[in-house]
Structures are given as C-alpha cells and as structure tokens.
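The values are calculated or read from the model by the stated rules, or taken from the named source; none is laboratory data. All values reported here derive from a predicted model rather than from experimental measurement. Positions of Cβ are generated from backbone atoms using ideal geometry, with glycine treated the same way; all protein chains shown enter the neighbour counts.
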C-alpha cells in the first residue's frame, strides 16, 4: 500500500491518524510515519484498511433523508 492510498483509506473511513492509533492501540508516531512514507505499511494492516475503505466507498452515504423536515 502506498502512503497515498493509506491517506485515501483514512479519508474514506473518516478517521484521523489519532483515531487509527486508538483502533490499533499503537504509537501515533508510527501511524504518522506510515502516512508520510517513512515506515512500511504491514501487509495485514494494508489489507484491513483497504477492505474497510472499499466497503465505505462502495456503500456511500445515504442521501434520501436530505431535505426532510420534522
């Protein structure tokens, strides 16, 4: 996984690096290093993030409720 795709996944999931750090229970500096390309993203983490992001990208946010009042 490239650092660019890593960042795209976080955007799709609406997660900050701090939220990912909390989910992984790891050091923020390591997550920031992966995001910047200074640390390799482990294969299992890449698959997990990509899978979650693809689900969010495919499902999208519903919009039928917009414009409803009450």
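Quick one: is residue 64 within 15 Å of the chain's Cα centre (by Cα) and surrounded by fewer than 13 Cβ atoms within 10 Å (Cβ to Cβ)?
In short, no.
Residue 13 passes all but one of (1) at pLDDT 95 or above; (2) exposed (fewer than 14 other Cβ atoms within 10 Å of the Cβ); which number fails?
(2)
How many residues are at pLDDT below 95 and farther than 17 Å from residue 14 by Cα when one looks only at the range 33-62?
Counting residues in the range 33-62 that are at pLDDT below 95 and farther than 17 Å from residue 14 by Cα gives 0.
Could you give every pair whose Cβ atoms fall below 6 Å, whose first residue belongs to the range 31-45 and is at positive phi and touching a residue at least 24 places away in the same chain (Cβ under 8 Å), and whose second residue is part of a helix (DSSP H, G or I) and surrounded by 12 or more Cβ atoms within 10 Å (Cβ to Cβ), counting only separations of at least 6 or pairs across chains?
37/3
Would you call residue 26 part of a loop (DSSP other than H, G, I, E, B), more than 13 Å from residue 1 (Cβ to Cβ) and modelled with pLDDT of 95 or more?
Yes, satisfied.
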